[in-house]
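Each value in this text was obtained by applying a stated rule to the coordinates, not by laboratory testing. Everything numeric here is computed off the predicted structure, so don't read it as measured data. Methodologically, a virtual Cβ is constructed for each residue, glycine included, from the backbone with ideal geometry; neighbour enumeration extends over all protein chains shown.
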Amino acid sequence: MSVADRITLRSPARLVVLVSGSGTNLQALLDATEDPAFGATVVGVGADRDGIEGLSRAARAGVPTFVEKLGDHPDRFSWDRALTKAVDAYDPDLVVLAGFMKLCGADFLARFAGRTLNTHPALSPSFPGTRGPADALEYGVKVTGCTLFLVDAGMDTGAIVAQRAVDVLDDDTTQTLHERIKTVERSMLVDAVGRMVRGGWTVDGRKVTLL
Ligand code: GRF
């Protein structure tokens, strides 16, 4: 049996959250971190586009924001380098991709792999990609859910930190199913991040254990 090192963070841990949309997962983290006992502070919020509710939520909470748009860069590499630099400026302990609709590149992973989380609205390894709820519905599964994982170079392939199941109802549409998943996803995210920042975790191959 191998003994994996326990990873622990500063207290309170510094979180940077990246968003591309409505930011309800971000909001759940902002709400949770209002309580000092949670053990973390959201120190910065980044996005790959302007004008989204996620950025407004951060602004209302008084959290600094930044935007790095792919289109403002000659290629993906330079965008990834700029994103990495922008995130690094906040000196984060954990980076949380909360509905961030871009794959992180080599620079980002070299700097933040092992401490970057992403949340996906399906039960990995099923239905990776941007259409998790729609693909689950089309396939006809009776149970789907959400997955929190440590980001690697693949599409929703990283080591799994937490999962929650959600029943698919006979009259579900993609939207009703996704909304029900998101309710569970927010609580999974807050619960797991809280445990990681307060107790630490180990990674042994693909097995992540929250302590
Ligand atoms: C979440 O279901 C996330 O997993 C997916 O997009 C949704 C983002 O929701 N990638 P929000 O922006 O946090 O409200």
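Which net charge results for the neighbourhood of Asp135, defined as the other residues with beta-carbon distances under 14 angstrom from its beta-carbon, given Lys and Arg at +1 and Asp and Glu at -1?
Local charge sum for Asp135: -2.
Mind pulling the per residue volume of the convex hull built on the Cα atoms of the stretch 6-201? Å³ is fine.
Spread over its residues, the Cα hull of the stretch 6-201 gives 114 Å³ apiece.
Efficiency by 1/(1 + (r/R0)^6): what FRET value for Thr183 and Asp5, r their Cβ-Cβ distance, R0 = 25 Å, to the nearest 0.05?
0.15
If one computes the Cα centroid of the stretch 140-211 and of the stretch 3-32, what distance in Å separates the two points?
14
In nm, give the distance between the simple-model label positions of Ala159 and Ser56, each being 7 Å from the Cα along the Cα-to-Cβ direction.
3.9
DSSP H helices in the chain with Cα extent of 20 Å or more along the helix axis and mean Kyte-Doolittle hydropathy at least -1.0?
Correct list, ordered by number: 174-199.
Using DSSP loop states and a limit of at most 15 other Cβ atoms within 10 Å to flag trypsin sites (Lys or Arg not before Pro), what is the longest stretch of the chain containing no flagged site?
Answer from the scan: 143-205.
Return the FRET efficiency for the residue pair Leu211, Glu34: r is the Cβ-Cβ distance, R0 is 22 Å, and the value is rounded to the nearest 0.05.
Working from the Cβ atoms, E equals 0.35.
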